[in-house]
Amino acid sequence: MINTTPPSPSLFSSLDDLLNQQHPLYKLSHKINWRVFEEAFTPLYCSDNGRPCKPIRLMCGLLILKHLRNISDESVVEQWSENAYFQYFCGMHEFTPSFPCNASEQVHFRKRIGEKGIELILAESIRVNDDRSDEDHHDTAFIDSTVQEKNVTYPTDAKLHKKIIGKVLKIVKELHLPLRQSYTFVLKRIYRDQRFRNHPKNRKKSIKADKHLRTIAGRLVRELERNLGENRQYDELLAIFKKILLQRRNSAHKIYSIHEPDVQCISKGKEHKKYEFGNKVSIIRSATGVILGASSFRNEYDGHTIRKSLEQVRRLTGKSVKRLAGDRGYRGKKEIDGTQILIPDAPKAKDTYYQRKKKHKLFCKRAGIEPTIGHLKTDYRLGRNFYKGLVGDAINLMLAAAAYNFKRAMRVLWLLVKKISETLFGGNISLKYTF
């Protein structure tokens, strides 16, 4: 049920009186239009039935703070109870030392609002940075793709077969099904033989152990399927098991994780990391440094991701990008829906010196999207995605992009405050904040 209780101001000292009103989080809380979230997410709750929900501003604020500070659901709930600025940012009027909600409630809230709700948060982060009315903000933009790695171990056949055996034995134990042999002592010997496989003397022994492990996994899966009979609860899981047991080195559409079967193996040509396991993402960044679009894909060719990425930018901002500059991975298209696609190429003979220098400067500036992606990965939780499924891929990406935009707005607000203080007080006041 939706919580319609209006927050009442405290009769004593409130957070508004106690906090520094020049703090970036304080300033950002007033710049975000929280009413947009409340109007969009209120229809998702029942108005007259069930337990009253947590305030929508509180849940949206926790989502933003989580990616803004690069912490987990558990940590943001814990830090919220200790940090007065976190509480004011989430709409509280007086300090509350208790936890705002259970960490699992953020999971339910993300599932409730879905991709469209997270896209609304990203749109608001763009609007917060869109104060200037000049055309440069949407005139020229840059696009690049990267890999959002999933929270899975490096996959090998032996690891997957070992997990299959463990999951089958767990199901048998839970349902009290008959089992001819559990292979407990056999598996101990196999695991011992699989160790130190890179040593030349152990190579043949480890290969033989791998084949034996696959055989045992297949036997247990077939026996489990027979014993389940009419029970269709585990049909999807059994289908994944069978596909893993049938796949070989050169098989297409391989499964690399049992709990995340949609993970893709992507090679971006990195010397230090030949293969990455996750999904491909496309980032569009404006010439002024704002992320205008963040779209999630599987493993498409970069050039085929441009149209969907531009559609998202149009949906979020209501404007179209005139020129989009990318690297040579986007060759094949010169124009898409009125947007000119530019890629670096050898200068044309008819180009003047000014035109050559202008193109060179544009593609030098395009390289600025690389550190932006680096910040998204190291500072805003894009480096490893802990959210489940295809929806989780899109949600994690857009929240990371929104956090990047909000942090940029905080820096702009803080520089503005610093400039005003230097003008009024001649630079005698030292103002320092860690972002």
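The values are calculated or read from the model by the stated rules, or taken from the named source; none is laboratory data. Every value quoted in this text rests on a predicted model; they were computed, and no experiment measured them. Don't worry about glycine lacking a Cβ; one is built from the backbone with ideal geometry, like all the others, and counts go over all protein chains shown. Remember, those area values only see protein heavy atoms, side chains included, never the ligands or the DNA or RNA. Shrake-Rupley method; radii C 1.70, N 1.55, O 1.52, S 1.80 Å.
Among the criteria (1) under 29 Å from E115 (Cα atoms); (2) open to solvent by 40 Å² or more (accessible area, probe 1.4 Å), the one K358 does not fulfil is (1).
Take the residues in segment 286-310 that are assigned to a loop (DSSP other than H, G, I, E, B) and small (G, A, S); name whichever of them is farthest from the chain's Cα centre (by Cα). Talk me through it step by step, then tell me what you get.
Our first condition is that a residue be assigned to a loop (DSSP other than H, G, I, E, B); within segment 286-310, this holds for 287-290, 297-301.
Subset that is small (G, A, S): 287, 289.
Working: A287: 23, G289: 19 Å.
Once the filter is applied, the top-ranked residue is A287.
For G329, the conditions (1) part of a helix (DSSP H, G or I); (2) without any contact (Cβ under 8 Å) to a residue 60 or more places away in the chain all hold with the exception of (2). Of all the numbered requirements in (1) without any contact (Cβ under 8 Å) to a residue 12 or more places away in the chain; (2) β-branched (V, I, T); (3) open to solvent by less than 10 Å² (accessible area, probe 1.4 Å), I143 misses one, and that requirement is (1). From the set of residues in segment 308-346 that are surrounded by fewer than 18 Cβ atoms within 10 Å (Cβ to Cβ) and among the acidic types (D, E), which is farthest from R285 (Cα to Cα)? Going through the qualifying residues, I end up with D345. Only one entry of G269, G289 meets the criterion of being over 24 Å from Y404 (Cα atoms) and among the small types (G, A, S), and that entry is G269.
Does segment 165-183 contain at least one residue that is under 30 Å from K280 (Cα atoms), of a type outside the set (K, R), surrounded by 18 or more Cβ atoms within 10 Å (Cβ to Cβ) and within 32 Å of the chain's Cα centre (by Cα)? Within segment 165-183, none of the residues are under 30 Å from K280 (Cα atoms), of a type outside the set (K, R), surrounded by 18 or more Cβ atoms within 10 Å (Cβ to Cβ) and within 32 Å of the chain's Cα centre (by Cα).
Could you identify the single residue in E230, E223 that is out of contact with any helix residue (DSSP H, G or I) (no Cβ under 8 Å at 6 or more places or on another chain), within 17 Å of H161 (Cα to Cα) and of a type in the set (D, E, K, R)?
The conditions single out E223.
When residues in segment 20-58 are screened for being touching a Pro at 6+ places or on another chain (Cβ under 8 Å) and part of a helix (DSSP H, G or I), 1 of them pass. Looking only at segment 202-253, count how many residues are under 36 Å from the mean Cα position of the chain (by Cα), open to solvent by less than 20 Å² (accessible area, probe 1.4 Å) and of a type in the set (G, A, S). Residues meeting the conditions: 2. Restricting to segment 29-69, name every residue that is touching a residue at least 40 places away in the same chain (Cβ under 8 Å), of a type outside the set (S, T, N, Q) and within 12 Å of F86 (Cβ to Cβ). Listed by number, the residues that qualify are L58, L62, I64, K66, L68. Scanning segment 73-92 for residues that are surrounded by fewer than 18 Cβ atoms within 10 Å (Cβ to Cβ) and free of Cβ contacts under 8 Å to residues at least 24 places away in the same chain yields S75, E78, Q79, S81, E82, N83.
When restricted to residues that are open to solvent by less than 10 Å² (accessible area, probe 1.4 Å), among the polar types (S, T, N, Q) and more than 23 Å from S104 (Cβ to Cβ), segment 378-415 contains 1. Residues in segment 45-72 that are among the hydrophobic types (A, V, I, L, M, F, W, C) and open to solvent by 30 Å² or more (accessible area, probe 1.4 Å): C46 only. Do we find that D17 is out of contact with any helix residue (DSSP H, G or I) (no Cβ under 8 Å at 6 or more places or on another chain), in a helix (DSSP H, G or I) and farther than 24 Å from D379 by Cα in this structure? Spelling it out, D17 is indeed out of contact with any helix residue (DSSP H, G or I) (no Cβ under 8 Å at 6 or more places or on another chain), in a helix (DSSP H, G or I) and farther than 24 Å from D379 by Cα.
Hey, any hits in segment 363-376 for a residue that's more than 30 Å from Y154 (Cα to Cα), free of Cβ contacts under 8 Å to residues at least 60 places away in the same chain, in contact with a strand residue (DSSP E or B) (Cβ under 8 Å, 6 or more places away or on another chain) and crowded, with 16+ Cβ neighbours inside 10 Å? Checked segment 363-376: at least one residue is more than 30 Å from Y154 (Cα to Cα), free of Cβ contacts under 8 Å to residues at least 60 places away in the same chain, in contact with a strand residue (DSSP E or B) (Cβ under 8 Å, 6 or more places away or on another chain) and crowded, with 16+ Cβ neighbours inside 10 Å.
Scanning segment 151-174 for residues that are outside any loop (DSSP other than H, G, I, E, B) and touching a helix residue (DSSP H, G or I) at 6+ places or on another chain (Cβ under 8 Å) yields D157, A158, L160, H161, K162, I164, I165, K167, V168, L169, I171, V172. Candidates are the residues of segment 186-201 that are assigned to a helix (DSSP H, G or I) and over 17 Å from K162 (Cα atoms); the one that is least open to solvent (accessible area, probe 1.4 Å) is P200.
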